[in-house]
Structures are given as C-alpha cells and as structure tokens.
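For reference, the structure is listed below as structure tokens.
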Amino acid sequence: MKNFYITGVSGVGKSSVAEKLKKKGIYTIDIDEVEGLCDWINNDTQKISYWYSGIDKEFFETHKYICDKEKLVTLINKGNNNIVVVVGLVDNQSEFLNLFDKIFLFHCDEKVFLKRIKERTNNNFGKHESDQEMILGWYKDFNKDMLNKGVISIDTDKSLEDVVKEVLSKF
C-alpha cells in the first residue's frame, strides 16, 4: 500500500481534490472531516478548545491545531486499496510525515486562495479577518519549510481537473 499526504494552507484546494479522488474510488481521508481526529489544543492547559469564525487572533497565538496520530494510523490502516491519500494541515504534522511515501504541497497565489476561502460554502475557516491574518502570516514560511523537506510542489492556480491529473501522475 502506498500512502500520500497532501498539505497546504486553507483555500489551496486540498478538500476539493480529496472529493475528486474519492469519486475515483481512492481511499481518501480529509482530516478536517473526521470527527475527533483533530482538535484545537490550548498551549498552556493542553485542553481542547473550540474555534469559531471571528475568534480573536489571540486564539491562534495560544492554541495549536493537533491531529491524533494514533487515530490517523488506524484510519490509514483501514484502507483496502493500494493507495491511501490523507489531506490536511495541522500544527503537528511533522510527527507523522514519515507515514507517507510522498508528500504534496499545494500552493497558489494568495489572492486566489483568499478568494476561494471567501466563496466556499463547506467550511467557515478563513472567512474572518483574524483567520486570514493568521493564514497570510504563516503561508510563506510554511511553504518554504515544506519545500526544504523535499515535498512535491503542486501549483493549484489552475483548474481542479488539471490539479487532480497532476497529482495522479505522481502516484
């Protein structure tokens, strides 16, 4: 079995590609969609907190979005296909990148992902100014860090079909 991870900031197309891959019969896990897989954790208390649209920017300074690695491994092992694709972005992803044969970094122009965030209807994250400030403040350093790790760079500033084709060509 081959495991692939797709990451990138909000609005770059991870969930849209995940839906297309699912329709093609590929076992795909969108970590934001699995109840109890990821939580906002308070840095000091280590307790779960709840994000809501419009929360102040202090929230992002005092919390991390964490994926439960054990639960993720269990979900990956449920895959009965030759391919498992996980999509998402969490603060602790470096703890589980070694689970994947290939890692893809989705990216596009900032104006493009901000427009996508504003127009999407399936997720409220990023719609508020405080969310967008956090995303923009983190975007370039995150991309640089991931590229230094040797990930496969995918520019998603093109049609969804073209992005899916490019991803599939790299499997």
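The values are calculated or read from the model by the stated rules, or taken from the named source; none is laboratory data. Quick caveat, the model's predicted, so the values are computed rather than measured. We place every Cβ from the backbone using ideal geometry, glycine too, and count neighbours over all the protein chains shown. What goes into the accessible areas is simple: the full protein's heavy atoms, side chains included, and nothing from ligands, DNA or RNA. Shrake-Rupley method; radii C 1.70, N 1.55, O 1.52, S 1.80 Å.
Where does the longest stretch of the chain lie that holds no trypsin sites (Lys or Arg not before Pro) found in a DSSP loop with 12 or fewer other Cβ atoms within 10 Å?
79-148
Using Cα pairs under 8 angstrom and six or more residues apart, how large is the relative contact order of the chain, in percent?
Answer for the chain is 34 percent.
Do any GluC sites (Glu not before Pro) in region 30-76 lie in a loop, going by DSSP, with at most 16 other beta-carbon atoms within 10 Å of their beta carbon, and if so which?
GLU33, GLU35
Could you tell me which of the pairs LYS64/LYS158; LYS23/LYS140; LYS64/LYS165; LYS111/LYS144; LYS20/LYS111; LYS118/LYS149 are separated by over 26 angstrom between their Cα atoms in the structure shown?
Over 26 Å Cα-Cα: LYS64/LYS158; LYS23/LYS140; LYS64/LYS165; LYS118/LYS149.
Over the chain, with a Gaussian network built from C-alpha contacts below 10 Å, which listed residue (SER49, SER159, SER16) shows the highest mean-square fluctuation?
SER159
Are there chymotrypsin sites (Phe, Trp or Tyr not before Pro) in region 36-133 that DSSP puts in a loop and that have at most 12 other Cβ atoms within 10 Å, and which ones?
Here the sparse-neighbourhood loop sites are TYR50, TYR52.
With a 1.4 Å probe and every protein chain kept in, tell me what percent of the accessible surface of region 109-161 is carbon plus sulfur.
Carbon and sulfur: 48 percent of the exposed surface of region 109-161.
What number comes out for the charge environment of ASP155, summing +1 per Lys or Arg and -1 per Asp or Glu over other residues with Cβ under 10 Å away?
Value of the local net charge: -3.
Find the eigenvalues of the gyration tensor of the Cα atoms of region 1-119, then list the square roots of 5 times those eigenvalues as equivalent ellipsoid semi-axes, largest first, in whole angstrom.
Those come to 25, 19, 12 Å.
Write down the percent of antiparallel bridges among all DSSP beta bridges whose residues are both part of the chain, to the nearest 5.
In the chain, approximately 30 percent of DSSP beta bridges are antiparallel ones.
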